[in-house]
Amino acid sequence: MLQWRNTALDFFSIGALQASLAETPKENGLTRSPVAEDILVLEHAVRDDDVRALATTPEAIARLWEVCQVPDYRKISPRPMPSW
């Protein structure tokens, strides 16, 4: 099995982005990749009312996603808790 993650992301809303990231592969032989740190960071960030208030346009949501993907090389940011 090869792991896959959707690259055709929907920035219409935060929910649309999260749904497009959760999409499962439609090709045989592919499996959805495990939840990565950038997705956990996004889930943590959107719990903040101030972040949600700023992420109201596709451009702002795309920028939020870019920020969530910045590696934390120094491991200084708070670790988001799994949302299970």
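The values are calculated or read from the model by the stated rules, or taken from the named source; none is laboratory data. Bear in mind the structure is a predicted one, so any value in this text is a computation, not a measurement. We place every Cβ from the backbone using ideal geometry, glycine too, and count neighbours over all the protein chains shown. Please note that ligands, DNA and RNA were not included when accessible areas were found on the heavy atoms of the full protein model with its side chains. Shrake-Rupley method; radii C 1.70, N 1.55, O 1.52, S 1.80 Å.
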* Asked: Restricting attention to the chain, which GluC sites (Glu not before Pro) occupy a DSSP loop and are surrounded by at most 13 other Cβ atoms within 10 Å?
  -> Glu27
* Asked: If Lys26, Lys75 are ordered by their accessible area, calculated over protein heavy atoms with a 1.4 Å probe, which sequence runs from highest to lowest?
  -> Lys26, Lys75
* Structure fact -> Percent of all alpha-carbon pairs of the chain at distances over 23 Å, whole number, is 25 percent
* Structure fact -> Expected max-MSF residue from Ala55, Ala45, Ala36 in the GNM of the chain (alpha carbon, under 10 Å) is Ala36
* Asked: Ignoring ligands, DNA and RNA, how do Arg5, Arg47 rank by accessible area with a 1.4 Å probe, largest first?
  -> Arg47, Arg5
* Structure fact -> Connecting every pair of Cα atoms under 10 Å apart in the chain and solving the GNM, the largest mean-square fluctuation among Leu54, Leu40, Leu17 falls on Leu54
* Taking a probe of 1.4 Å, how large is the accessible area per residue of the chain, in Å²? -> 74 Å²
